[in-house]
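One structure is given here, and the rest of the page talks about it.
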Amino acid sequence: MEQYTGYSAHASLVLIAEWTNSNCIWEALAEKVHIRQKTIKHSPCGKLKDLLINIWAGGERISSVNNLLRTDEGLQRLFGRNTCAEQSTISETLNAVSVENVVEMTGLMKQVYCEHSLFCRHDYEKNWLLLDVDLTGMLAGKKAEGSQKGYFSGERNGRGRQIGRVYASQYDEIVHEQLYPGKVQLEASLLELVEMAESVLDSHENRRKRTILRVDGGGGTDKNIDQ
């Protein structure tokens, strides 16, 4: 049997591992998000943890877990995992996620932002807060949920989904992001994105007066500007 050497090609993630562990992020995940699924070998939150580690390590899809994380014992131990769930069981957990779980995760993310992000500690009296709002096209297969023909840069007749983001450019941080079907344009999603960002920022009237929103021509209709 091959002996564990302690080597990992993803040792650079040690800072993220230390930050999440020292700030009890995984304990908060287990406390706040309750996916209704039986635990056989790995808990639902354990499988969510594996998925997040996979993303941080550069995995572009769930199936990357098997070749990227399950084969890297050092990476598992870095985040306090002794083993890793198989990709098919992680998929089953995601299929078990309910609307309530999404709300729970959103609440957890807001809590993390409020406690640790720079944009939530912005000094509105000293400076304006700059928020950039835009959509980014993400190609996907025909069978992917929400995958539709739409605008995807450099891809004629492209199909996929759109990721709407509100970005605090001064701090290089994402305030809020939302996944939309592929044909959705910024004009239709702008107000929702702004409202969700206001919720994260806890923006009252005085803060809104000191906030600048920057959007391209696709979102700058008279109706959106007036509202």
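The values are calculated or read from the model by the stated rules, or taken from the named source; none is laboratory data. Predicted model only: the values in this text are computed from it and were never measured. Don't worry about glycine lacking a Cβ; one is built from the backbone with ideal geometry, like all the others, and counts go over all protein chains shown.
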Can you work out which of the residues in segment 168-186 that are free of Cβ contacts under 8 Å to residues at least 24 places away in the same chain and over 19 Å from His122 (Cα atoms) is nearest to the chain's Cα centre (by Cα)? Glu177
Those residues of segment 111-123 which are buried (at least 16 other Cβ atoms within 10 Å of the Cβ) and either touching a Gly at 6+ places or on another chain (Cβ under 7 Å) or not in a helix (DSSP H, G or I) (or both), in sequence order: Ser117, His122
Just checking, does segment 99-110 include any residue being modelled with pLDDT under 90, assigned to a helix (DSSP H, G or I) and closer than 19 Å to Ile16 by Cβ? no
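Please determine, by comparing only the residues of segment 94-137 that are closer than 22 Å to Cys24 by Cα and of a type in the set (Ser, Thr, Tyr), which one is farthest from the chain's Cα centre (by Cα). Working first, answer last.
The initial filter retains those residues of segment 94-137 that are closer than 22 Å to Cys24 by Cα, namely 101-121.
Then keep just the ones that are of a type in the set (Ser, Thr, Tyr); that gives 106, 113, 117.
Values: Thr106: 10, Tyr113: 12, Ser117: 14 Å.
Here the answer is Ser117.
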I'd like the full set of residues that are assigned to a loop (DSSP other than H, G, I, E, B) and more than 19 Å from Ile16 (Cβ to Cβ), limited to segment 41-69. Lys41, His42, Ser43, Arg61, Ile62, Ser63
Determine whether Ile35 is surrounded by 18 or more Cβ atoms within 10 Å (Cβ to Cβ), under 19 Å from the mean Cα position of the chain (by Cα) and farther than 25 Å from Leu139 by Cα. yes
Which pairs turn up if I take residues in segment 128-157 that are outside any loop (DSSP other than H, G, I, E, B) and look for partners that are hydroxyl-bearing (Ser, Thr, Tyr) with beta carbon separation below 6 Å, at least 6 apart in sequence or on another chain? Leu129/Thr211; Leu130/Ser169; Asp132/Tyr167; Asp132/Ser169
